[in-house]
Amino acid sequence: MKSVYSSENRIFVMNNRNILQNAGIDVEIRNEHTPSGTPGNLVWPELWVSDNEFESACKLLSVGDDQAEEDWQCNQCQEANPGSMNICWNCQASVQVA
Ligand SMILES: [Zn+2]
């Protein structure tokens, strides 16, 4: 298992859990019932996925978080990339490659 997302805002955590579940990924929430406002409490709700689904989960969530950013097309392999990525997911070419 790997932690793929954490936020002090439970709404963000739940929203991202829905994104992953809709994509067919099994998600486990940890620290869901930690009381907020506890002094010194740094334990946020976390989303955990299995190791082999971790990468697809990261891709899904980075797309969901940055919907305002425009997709860009890799100059090297012509693959479409989400705006939140600085390098091509497919060939790792940098965004600045001319
Ligand atoms: Zn590429």
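The values are calculated or read from the model by the stated rules, or taken from the named source; none is laboratory data. All values derive from a computational prediction rather than experimental measurement. Side chains included, ligands, DNA and RNA excluded: accessible areas come from the protein's heavy atoms. Shrake-Rupley method; radii C 1.70, N 1.55, O 1.52, S 1.80 Å.
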Put 25, 11, 19, 87 in order of accessible area, largest first, probe 1.4 Å, and you get 11, 87, 19, 25
Could you rank 53, 8, 79 by how accessible they are, 1.4 Å probe, largest area first? 8, 79, 53
Given a 1.4 Å probe and heavy atoms of the protein chains only, how would you sort 10, 17, largest accessible area at the top? 10, 17
Area accessible to solvent at residue 13, 1.4 Å probe radius, in Å²: 0 Å²
